[in-house]
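First comes the structure, then the notes that go with it.
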Ligand SMILES: Cc1ncc(COP(=O)(O)O)c(C=O)c1O
């Protein structure tokens, strides 16, 4: 009797899917299972292309359709007006730190930076190499347990732009609203809460986000930029670092990260199928609430590290009474299939990253584990 090879493959794939743990990693992070399954199916042959997504040309019509589909879904999800361009770039969010200063920080001008954490500091540090930076506010002296408040911001009405980080991945804080910046262009590093809530895109001159948290795998950064900003891009920039050129060439000036963009395309389709940002935001709010309730009702055993008014819905950071208990918690959680809970090495403690694709059942499993761990710890 011969075995059916495709049946064997299918059952092996099922086994591997059931081996998946709850992945609390901060990024690269969990991806939706239906997306991984579709990518797995397309890996050998992309429908209509007769070859793998890994093998097609970035100039092929199948890839045009992927780029167009991604852009259309992104526009639909955000309600993006016509006067914004969407670009998919390599180099990570960190490249944007320098690129936006190269494009928008004129020699005789300065830019305002709101410092709410490590990544905001990195953005300002890169910009300083290229021009004048004004620190509009910083909560570093408070170990970034909160984001700066509107009334603390020392904004320059002549600034070329204001830069802020909407969610601070390491410290577990999130700006509840955009800073008010009057007519100055607002630029946002949205890497760790991109597409996790409803926003009004018209408040922004430019939004950028590394895909590897909420939008896809590592390797691609999504940039949304308003047309009037593109008009300010100086002539003579290196081609790869020129937003205007990248927008004109529709993300295919050179060979872009094809596979990463393809996965972003699938994630966006999945988000649309969930009902868009209104329902995604509701789910995210509920997931975060479950976890914060568990922390707040633990009688002080678990301590949230962020101030309550600016707690992140994406990265929930907390501490236990001792570092020994924290170490034990991480180890036992991992054995219970709750992976990636160790906080960033610079701050310690715990961090549960619960991005869009992180399932509610995983949060419930963590809450149950936390209760049991506390009970056992007496
Ligand atoms: C808010 C934020 N900005 C920027 C970065 C840097 O991203 P990349 O590694 O894509 O350069 C990160 C990485 O975690 C981040 O969380």
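Throughout, read-outs are computed from the coordinates displayed, never taken from laboratory work. A quick note: this is a predicted structure, and the numbers were derived from the prediction, not measured. Every residue, glycine as well, gets a Cβ built from its backbone with ideal geometry; the counts of neighbours run over all protein chains shown.
Across the alpha-carbon atoms of region 283-355, the computed radius of gyration and Dmax are 11.7, 33 angstrom.
When 43, 80, 31 are arranged by Cβ crowding within 10 Å, least crowded first, meaning fewest neighbours, the order is 43, 80, 31. Using alpha carbons only, the radius of gyration of region 20-90 set against its Kirkwood radius gives Rg/Rh = 1.03.
Among 305, 165, 317, the largest mean-square fluctuation in a Gaussian network model of the chain, built with springs joining Cα atoms closer than 10 Å, belongs to 305.
Separation of region 54-84 and region 277-297, taken as the distance between their Cα centroids, equals 31 angstrom. Taken over the Cα atoms of region 124-259, the convex hull encloses 135 Å³ per residue.
Among 363, 198, the order by Cβ neighbours within 10 angstrom, fewest to most, reads 198, 363.
Each 5 Å bin, from zero up to the one with the longest distance, holds this percent of the alpha carbon pairs of region 243-310: 3, 12, 12, 13, 11, 11, 13, 10, 8, 4, 3, 0. Springs join every pair of Cα atoms under 10 Å in this Gaussian network model of the chain, and among 291, 237, 206 the largest mean-square fluctuation is at 237.
In plain terms, the C-alpha convex hull of region 59-108 casts an average shadow of 5.2 nm² when viewed from every direction. When its C-alpha radius of gyration is set against 2.2 N^0.38 Å (N residues), region 315-378 gives a value of 1.06. Label-to-label distance, residue 360 versus residue 38, with points set 7 angstrom from Cα along the beta-carbon direction: 2.2 nm. Applying Stokes-Einstein at 20 °C and 1.002 mPa s to the Kirkwood radius of region 256-295, computed over alpha-carbon pairs, gives a translational diffusion coefficient of 182 µm² s⁻¹.
So for region 191-251, what percent of the C-alpha to C-alpha distances run longer than 20 Å? Walk me through the intermediate numbers first.
Values: 637 of 1830 pairs.
Of all Cα-Cα pairs in region 191-251, 35 percent lie more than 20 Å apart.
Rg/Rh for region 27-174: what does it come to with C-alpha atoms and Rh from Kirkwood? Walk me through the numbers before you get to the answer.
On the way: Rg = 19.9 Å, Rh = 18.5 Å.
Across region 27-174, the Cα-based Rg/Rh ratio is 1.08.
Result for the chain in a Gaussian network model with C-alpha springs under 10 Å: among 172, 92, 48, the largest mean-square fluctuation is at 48. Across q = 0.10, 0.17, 0.24 Å⁻¹, region 85-169 modelled as identical point scatterers on its alpha-carbon atoms has Debye log10 I(q)/I(0) values of -0.24, -0.68, -1.20, in the order of the q list.
When every Cα-Cα distance of region 184-311 is counted in 10 angstrom steps from zero, the calculated P(r) takes the values 11, 31, 32, 17, 7, 2, 0 percent.
Remark: C-alpha extents of the chain on the principal axes read 66, 60, 32 Å, sorted largest to smallest.
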